[in-house]
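What follows is a set of notes on a single structure, which appears directly below.
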Amino acid sequence: MKTIQKITKASLYLFLAVTLIIGCKKDKDSPKPSPINPPVNEEELITTVKITFVDTAGVEPTVTVFFRDPDGDGGNAPTQFDTIRLAANTIYSATIELFDESKNPVENITQEIQDEADEHIFCFTPTNVNLSIIRTDSDGTYEIGLTSQWTTGTTSVGTTQVVLKHQPSVKDGTCGPGDTDVELNFVTEIQ
């Protein structure tokens with residue numbers, strides 16, 4: 001009888017030890033967030049980019065351009081990809097809005113970018129067009145680009161690349177680090 005009790009006690013202790021070891025085992029598939037291993041941020045689908053240009057002198061009409069790709073990157077071609085047409089020798093205040101039009105109701109992603117301003121930056125690259133662009137908003141340390149100033153020169157035609165970079169834990173005010181959320185090349189005409 002004592003032998004059976006000893007075996008039962010030994011089995012119970014062995015069972016508890018194995019349970020503790022298995023229960024305390026680290027999950028290698030779910031690393032803890034750190035600067036090297038930042039938390040995963042589920043990206044939103046951005047199907048639509050809207051840029052509104054307002055002449056700061058109040059002379060030229062407001063210009064609004066869209067990029068629309070309802071099914072997102074890949075798949076079908078965009079349904080709308082406007083040309084940016086701005087008046088020569090004019091200063092415009094530009095505002096960017098981002099949407100997910102695959103949802104009903106349409107989801108405005110702009111506020112999320114603003115809320116995560118320390119993780120996002122817009123980069124603007126005019127090519128072969130008389131245009132300079134500066135970002136006019138900030139996260140308190142670095143610029144964002146949801147608002148910007150576009151200064152046109154003389155008549156010209158080229159392109160303007162608009163890129164939204166997602167830079168959690170690596171934002172440094174430049175467009176190098178991070179992942180690209182949006183990259184568009186708008187044909188740009190200064191008239």
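Every read-out reported here was derived from the displayed coordinates using simple, explicitly stated rules and does not represent laboratory data. Note that this is a predicted model, so its numbers are computed, not measured. Every residue, glycine as well, gets a Cβ built from its backbone with ideal geometry; the counts of neighbours run over all protein chains shown.
Descriptive notes on the structure:
- Options 83, 90, 110; residue that is among the hydroxyl-bearing types (Ser, Thr, Tyr) and farther than 29 Å from residue 176 by Cβ: 90
- Yes/no for residue 113 being within 29 Å of residue 172 (Cβ to Cβ), touching a His at 6+ places or on another chain (Cβ under 7 Å) and surrounded by 13 or more Cβ atoms within 10 Å (Cβ to Cβ): yes
- Within region 80-94, none of the residues are touching a Pro at 6+ places or on another chain (Cβ under 8 Å) and surrounded by 14 or more Cβ atoms within 10 Å (Cβ to Cβ).
- Members of region 116-169 found to be more than 19 Å from residue 50 (Cβ to Cβ) and aromatic (Phe, Trp, Tyr), listed by number: 142
- Selected residue (criterion: surrounded by the fewest Cβ atoms within 10 Å (Cβ to Cβ)) from residues of region 124-143 that are more than 17 Å from residue 183 (Cβ to Cβ) and hydrophobic (A, V, I, L, M, F, W, C): 134
- Elements of type strands (runs of 3 or more DSSP E) in region 65-127, at least 2 residues being in contact with a Phe, Trp or Tyr (Cβ under 7 Å, 6 or more places away or on another chain): 84-86, 91-100
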